[in-house]
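See structure below.
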Amino acid sequence: MTEATADHAHHDHHDEALPGTIGHVSHWQTLVKVLVTLLALTVITVLVAQVDLGRLNVVGAIGIACVKASIVAMWFMHLRYDKRFNFWILVGSIAFVAWMVGYILFDSALYQDNIREYREAHPLPTRPATPSGDH
Amino acid sequence: MSTGVAEPEKSQALPERPKELAMHFDSLHQQYNAGKLGVWLFLGQELLFFCGLFTAYAVYRGNHQEMFHYAHYFLDWKLGGLNTVVLLTSSLTAAWSVRAAQLEQRKTLIATLVITFLCAAAFMVVKYIEYSHKIHIGAVWSSHFAVADADLPAALTERYPDIKGEDLQRMGMGTFFAIYFCMTGLHGIHVLVGMGLYIWLIIRAVRGDFNRKYYGAVDFVALYWHIVDIIWIFLFPLLYLIG
Amino acid sequence: MAGGTVEEPSSGDVIHPKVHYLNATKGLKSWLVTLDHKRIAIMYLIAVSVALLLGGFWAVLLRTELLSPGGVGEQANFVLSNDWYNKAFTLHGAIMVFLFIIPGIPASLGNFILPMQLGAKDLALPRINLFSWYLYIMGLIFFLGVLFLGGLDTGWTLYPPLSSGRPVQMSLIFAYTAVFILGFSSILTGLNFIATIHKLRPRGMTMYKMPLFLWALYATSLIQVLATPVIGLTLGLSMIEHVFKVGIFLPQYGGDPVMYQHFFWFYSHPAVYIMVLPAMGVQSELIAVYSRKHVFGYKAIAWSSIAIAAIGFLVWGHHMFVSGQSPTAGIVFSFLTFLVAIPSAIKVFNWVATLYRGSIDFKAPMIYALAFIYLFGIGGLTGLFLASIATNVHLHDTYFVIAHFHMVMVGSVLTAFLGGVHHWWPKLVGRMYNETLARICAVLVFVGFNVTFMPQFVAGTRGMPRRYANYLDEFTIFHQVSTVGAYILGAAVVIQAGYLVHSLFKGKKAPPNPYGGASIEWQSTSPPDFHNFTEEPITTGAYDFENWQYISEDEGYKLKPKVLVTRQSLSEVH
């Protein structure tokens, strides 16, 4: 949050904004640059996934996705120029998401043995498949 | 703010009050900020709405690595990647539509709104192709999952020549597809809702409702659209790429 | 009208407005499409009262069935078959939780009072407000659908595999849909309140100058926005599972039922605070007004609301001590659960400190407020027993749990709801109710409550399990006393409905401020104008009761002249 500016439109440094415009006007070149960055990151994430890095694949994919999401939030969603409270709503929601995912993941890993036992006693049923006929 | 609703004493408003300004606000700026705060809170709840499915994904992935490894052969990253590009592009045009509304460039506004809508439609077409293929070969949810050996993806049989469709059933591959269909399905519903909202915006833009001080609807729908995009940014690598 | 000269406080000016929000426009349609928060609040009040009576009806049936211990087999039952007993407690729980307690105070009283306490003309998003009412009504209709489709016997928690694992059942689908829709109604109300508090506070009213009711509603709204979507998703998924046999929660298809409970309680525990926080907010207002004293420890009460909201998200696993969650998680959740006691106790101590040396007026709302302290105290403290794992395993699924959560949820929410309705009734409808009857009913509610639930604590510790239609003879006396209590409670609520409705037609016209409240809503007429205030309200301290003086001619309070000077000087500045 370098420029969490608030209420009034800061259009003085954007000569193109009309007088009295509400909110921040993004320059079209900025928007295009953001899209190019996002596309580049998409290519990178696809390329990284082709290499087998073990557990690092997950970390890398989620990491790049987080960077992409932050770029969308900061520029496309104007959070860089928006009221700071809206930024904190986003951060707060993410914190609750992390808490929920994290804790349930932690707990589920601990009770997996019960599930494994149950599954061994009750294997999933299988059913015959009909070929689609495409081959 | 257009629908006329029975409210007495319309005349009480001072003459210089803009027609778009609701009676309980002092200025359009206040009205815009209040709406925007409401939208951000809505987006916050959207994240928690999706959160349950991400948790389910994390729990099953964390405890059944092998299932997700085999599963990713079923998904075509090229189609997923294409949809990513489509959705990112629509995000650009959505952001651009806000700019056009702010600058009162009506033609650009209508054009960007239409492009956003078309991208959303293209996304759904690709989604339809993916879904129908999976349903066709029987790669569907839970107990309905039954893929014949002949229909297994080539990349999978190349890597694991001995694998049988029945092994995948026993492994619980149906659970992966349950999660896959729920996550992409819920996301798809959001895309459909977004398409509806963009039609509404196009109608209003053609009618000339928006100006530099009153363009909240364009901005708020764009914010919604960006969050739909952000969720796809996560779904793409989690489902299509890492195995 | 605005500005004007300083008037001596006396009768003579119009205190009973001819035109107000209730008659500003006429006809059913003017209500159904209204964007006025006051009318929407009244519509909510009617709807939640219907839900309360509906839920109460099932409670009375359940208690009647439990008058006799019954025996083995169907023929031994009293009024309900075993099957209908299960359906009755499911419907009682689901209707009370989703249709009464959760929306009860915020959507009715909160909707009416919140903008008025801010001196605003409406909520920030009036269309969203009306939409949320329609969602609520849709939810109500779906629940009635459940009833007409033969009822539902899963318990209000809808745990799989008992619920979604059964063959496709229409009433279950309706129940899922109802809760899903009601969830979104609740979310929309919550985000509207937050936006209103942030964007429509008048100049000069900082967060720390807001009435505590608004702090409580703010904390409630945060939970509504952050927790409710999770139940929406969970029940939506369950519905899909039920219809399409998807295995995310269902073990027979490879799913994990414990995960359902995690999801369910991630919402439903914070939901307990969605229920109780607005009640605490009403409580803070009542205690201060009827003690005629500035509330003690303002900031402590305000921040304890936020603390309760935050801690509420950390404790959901204490509902799952015996249902397959790992012991490690159980220990962590047990510890975290104890933390909730701290902000709750802070509130109780501050209310009691507010009473100290106040000039206490035992009006009906105050009797409810005092009952609240007592019932919430018992309910809260028994919660600590249940928070420790060892006792919990012993008491789990017994009547002790039933008594505990009825004390803490219903005991506080019902007393605060009734207290709040009585306190604001003159403002809501412009009429006074019969004070004597109201006091008698307040005492009856308190007595009825204790007679109902105290025996259940004892029966529970002796091993009476919940959700059983028949029981051993040794529990007979506890059940019979409890049933008598339920009848007293039911009678009190029905009498209340009677005299409140009667007051609408025959009640004495209310002055603007009959009880001497100092928050801004009392500066409007009773009932308020369509635009809430006919002249700009003065932002005075919400608990500065010394600004108001009693005028015996009006039988109500008026702002003192020295405060009115502020308005004049303000209008000169403009």
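The values are calculated or read from the model by the stated rules, or taken from the named source; none is laboratory data. Bear in mind the structure is a predicted one, so any value in this text is a computation, not a measurement. Here the Cβ positions follow ideal geometry from the backbone for every residue, glycine too, while neighbour counts run over all protein chains shown.
Summary table below
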read-out	value
Filtered residue count, segment C:371-385, keeping only those that are among the hydrophobic types (A, V, I, L, M, F, W, C) and buried (at least 21 other Cβ atoms within 10 Å of the Cβ)	4
Pairs with Cβ under 9 Å, 6+ apart, first in segment C:244-262 and at the interface with chain B (Cβ under 7 Å from one of its Cβ atoms) and crowded, with 24+ Cβ neighbours inside 10 Å, second of a type in the set (Lys, Arg) and assigned to a helix (DSSP H, G or I)	C:Gly254/A:Arg119
Any chance B:Asp149 is charged (D, E, K, R) and at pLDDT below 95	yes
Helices (runs of 4 or more DSSP H) completely within segment C:376-449 that count 1 or more residues being under 30 Å from C:Val289 (Cα atoms), aliphatic (A, V, I, L, M) and touching a residue at least 24 places away in the same chain (Cβ under 8 Å)	C:412-429
Answer residue from segment B:75-112, given it is within 10 Å of chain A (Cβ to nearest Cβ) and charged (D, E, K, R) and is surrounded by the fewest Cβ atoms within 10 Å (Cβ to Cβ) among those	B:Lys78
Hey, C:Asn129 more than 23 Å from the chain's Cα centre (by Cα) and either surrounded by fewer than 20 Cβ atoms within 10 Å (Cβ to Cβ) or part of a helix (DSSP H, G or I) (or both) or not	no
Residues of segment C:35-62 satisfying the condition of being under 17 Å from C:Ser185 (Cβ atoms) and either among the acidic types (Asp, Glu) or assigned to a loop (DSSP other than H, G, I, E, B) (or both)	C:Leu35
The listed residue being out of contact with any Lys or Arg (no Cβ under 8 Å at 6 or more places or on another chain), surrounded by fewer than 24 Cβ atoms within 10 Å (Cβ to Cβ) and more than 11 Å from chain C (Cβ to nearest Cβ), out of B:Tyr70, B:Tyr57	B:Tyr70
Members of segment B:102-123 that are in contact (Cβ under 8 Å) with a residue 12 or more places away in the chain and over 27 Å from B:His187 (Cα atoms)	B:Gln102, B:Leu103, B:Glu104, B:Arg106, B:Thr108
Any hit, segment A:65-83, residues being surrounded by fewer than 20 Cβ atoms within 10 Å (Cβ to Cβ), within 12 Å of chain C (Cβ to nearest Cβ) and either basic (Lys, Arg) or outside any loop (DSSP other than H, G, I, E, B) (or both)	yes
Flag if A:Trp88 is more than 7 Å from every other protein chain (Cβ to nearest Cβ), without any contact (Cβ under 8 Å) to a residue 12 or more places away in the chain and not in a loop (DSSP other than H, G, I, E, B)	yes
Among (1) more than 19 Å from the chain's Cα centre (by Cα); (2) farther than 30 Å from C:Thr157 by Cα; (3) at pLDDT 95 or above - the single one C:Arg357 does not satisfy	(3)
Hits in segment A:54-103 - residues which are modelled with pLDDT of 95 or more and among the basic types (Lys, Arg)	A:Lys68
Qualifying residue in segment B:221-229 (condition: within 12 Å of the chain's Cα centre (by Cα), of a type outside the set (Ser, Thr, Tyr), facing another protein chain (nearest Cβ under 9 Å) and under 19 Å from A:Thr21 (Cβ atoms))	yes
